[in-house]
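Heads up, the thing below is written out as structure tokens.
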Amino acid sequence: LNLQTDTNASDSALQKFGRHWRGTEGIYYITKFNLDNIGTAKFEVGLADAITGDTGMVATKATPTHTGTDYAVMCFDTSDDTNVTFISAAAGATGANVDWTGTLAAATDIIVEIVVRGGFCAGYVNGQLVGGGAITATTLLTPHLMVLTRTGAARILTVDYQGCIGPRSA
């Protein structure tokens, strides 16, 4: 799957599937992907409470402000810095805000895993725990892939696979 933006600043491409999973029953999410160019771009991969919203769940990454109310995502946004950050929100409040200690490279695959059990979620990159925090256990979530360009050049998020495992709630 290739999610490709158009060539205007703030153009985005995203994919979501439907809100069918909750922390109450437990969720395991995994995806393997790469971003073709890490200059002036944003991506989010993980679990989100909203089906709509083309700019993602994280409004501002530096000290997280949220577009979504309940979510757990790995976020990269050059408007803030060049770190990949695990961010979660529970009822609109920041639950996790932890940078991955690795370095993102253009066109290099990474694997993101997110585990949600009850009101707690944890994020991993390439098998390394990045951090954990709160999320609302009863909120229905959807797998979430989003890429956004911050410049006049297209960005492509190439996704080899993604999966969401756990009992469906709806």
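The values are calculated or read from the model by the stated rules, or taken from the named source; none is laboratory data. Bear in mind that the values here come from a model prediction, so they are computed numbers and not experimental data. Please note: Cβ atoms are built from the backbone with ideal geometry, for glycine as well, and neighbour counts cover all protein chains shown. Calculation scope for accessible area: heavy atoms of the full protein, side chains included, ligands and nucleic acids excluded. Shrake-Rupley method; radii C 1.70, N 1.55, O 1.52, S 1.80 Å.
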Kindly check whether there is at least one residue in the stretch 59-77 that is over 20 Å from ALA134 (Cβ atoms) and either in contact (Cβ under 8 Å) with a residue 24 or more places away in the chain or surrounded by 14 or more Cβ atoms within 10 Å (Cβ to Cβ) (or both).
yes
State yes or no: is THR52 open to solvent by 10 Å² or more (accessible area, probe 1.4 Å), at pLDDT below 95 and more than 17 Å from THR158 (Cα to Cα)?
yes
Assuming ILE87 fulfils every condition listed in (1) in a strand (DSSP E or B); (2) open to solvent by less than 50 Å² (accessible area, probe 1.4 Å); (3) farther than 28 Å from GLY39 by Cβ apart from one, which condition is it?
(3)
Among the numbered criteria (1) closer than 19 Å to VAL159 by Cβ; (2) not in a strand (DSSP E or B), which one does GLY123 miss?
(2)
Quick check on my filter: what residues within the stretch 147-170 are assigned to a loop (DSSP other than H, G, I, E, B), closer than 23 Å to THR82 by Cα and open to solvent by less than 40 Å² (accessible area, probe 1.4 Å)?
ALA153, ALA154, ARG155
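Only one residue in ILE110, ILE38 is closer than 22 Å to GLY163 by Cβ and of a type outside the set (Lys, Arg). Which one? Explain how you work it out, then say what you get.
On the way: ILE38 fails: closer than 22 Å to GLY163 by Cβ.
Residue meeting the stated conditions: ILE110.
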Does ASP80 count as at pLDDT 90 or above, of a type in the set (D, E, K, R), under 18 Å from ALA105 (Cα atoms) and open to solvent by 20 Å² or more (accessible area, probe 1.4 Å)?
yes
Find the residue count for the stretch 1-49, including only residues that are at pLDDT 95 or above and among the basic types (Lys, Arg).
3
So which residues in the stretch 122-138 are open to solvent by less than 30 Å² (accessible area, probe 1.4 Å) and either closer than 25 Å to THR5 by Cβ or of a type in the set (S, T, N, Q) (or both), if there are any at all?
GLY123, VAL125
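Is it true that LEU47 is assigned to a strand (DSSP E or B) and open to solvent by less than 20 Å² (accessible area, probe 1.4 Å)?
yes
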Do we find a residue being farther than 23 Å from SER169 by Cα, over 13 Å from the mean Cα position of the chain (by Cα), at pLDDT below 95 and β-branched (Val, Ile, Thr) anywhere in the stretch 105-121?
no
